[in-house]
Amino acid sequence: MATNLPKQKTLIRPGVKALIVHQNKVLVIKEHVIKNGKTVDVNDFPGGGIEFGESLRETLIREVKEEVGLDINIKQVVGAWDFVMGELEHELPEKCGVQIVCIGYECSLKTKQKIDTTKNPAKEDIFEAKWYSKEELLANNGKMFGHPGMIEAIKKLNI
């Protein structure tokens, strides 16, 4: 058991992430998030939390549409990862340690579309969406991402 977990109320939050492949590149979003009371920039894949009663696929389609305005085809699961977040004061009424458990899916675009991050109802601070080659994502031992599970998912993509 990890010993550096927050000494406060805890919550496990399931989520899904889309590794969207288009023209042999993968979409990565950059967003500002709060970690330990400070705003930091993180690289991530579009996606988010599952609402009660919603299927994994329904969630992924909804979250991708909300965050980047794209319609996707879901292909296959390529990985899973988790991480613990501390202070989420902007999302929860009290400080809470949240363990995010993500399932990553390889996806494709339904048609050629334009990325739009301006209609995000959750008001996530996404400030960039960019396409990267598999080689770029895996450069420097996948330093672009903070979790080995994300790197393993990228390796499993059919590109």
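Do we find that Thr117 is surrounded by 15 or more Cβ atoms within 10 Å (Cβ to Cβ) and of a type in the set (S, T, N, Q) in this structure?
Working: surrounded by 15 or more Cβ atoms within 10 Å (Cβ to Cβ): yes; of a type in the set (S, T, N, Q): yes.
Taking the combined requirement at face value, the residue satisfies it.
Based on what the data block shows, is Lys25 at pLDDT 95 or above, in contact with a Lys or Arg (Cβ under 9 Å, 6 or more places away or on another chain) and among the charged types (D, E, K, R)?
Yes: the conditions hold for Lys25.
What is the residue count in the range 50-74 for residues that are hydroxyl-bearing (Ser, Thr, Tyr) and touching a strand residue (DSSP E or B) at 6+ places or on another chain (Cβ under 6 Å)?
Keep residues of the range 50-74 that are hydroxyl-bearing (Ser, Thr, Tyr), which gives 55, 59.
Next, only the ones that are touching a strand residue (DSSP E or B) at 6+ places or on another chain (Cβ under 6 Å) stay: 59.
So the answer is 1.
Taking the range 123-159 as the region of interest, how many residues are within 16 Å of Ala18 (Cβ to Cβ) and among the hydroxyl-bearing types (Ser, Thr, Tyr)?
Number of matching residues: 1.
Being modelled with pLDDT of 95 or more, in contact with a helix residue (DSSP H, G or I) (Cβ under 7 Å, 6 or more places away or on another chain) and among the basic types (Lys, Arg) narrows it down to one of Lys130, Lys75, Lys134, Lys65, so name that one. Explain how you work it out, then say what you get.
Values: Lys130 fails: in contact with a helix residue (DSSP H, G or I) (Cβ under 7 Å, 6 or more places away or on another chain); Lys75 fails: in contact with a helix residue (DSSP H, G or I) (Cβ under 7 Å, 6 or more places away or on another chain); Lys65 fails: in contact with a helix residue (DSSP H, G or I) (Cβ under 7 Å, 6 or more places away or on another chain).
Within the list Lys130, Lys75, Lys134, Lys65, the selection yields Lys134.
Of everything in the range 34-56 that's among the β-branched types (Val, Ile, Thr) and surrounded by 16 or more Cβ atoms within 10 Å (Cβ to Cβ), which residue is farthest from the chain's Cα centre (by Cα)?
Our first condition is that a residue be among the β-branched types (Val, Ile, Thr); within the range 34-56, this holds for 34, 39-40, 42, 50.
Among the residues that remain, those that are also surrounded by 16 or more Cβ atoms within 10 Å (Cβ to Cβ) are: 34, 50.
Details: Ile34: 15, Ile50: 12 Å.
Top of the filtered list is Ile34.
The values are calculated or read from the model by the stated rules, or taken from the named source; none is laboratory data. Small disclaimer: the values here were computed from a predicted structure and weren't measured. Cβ atoms come from the backbone with ideal geometry, glycine included; neighbour counts cover every protein chain shown.
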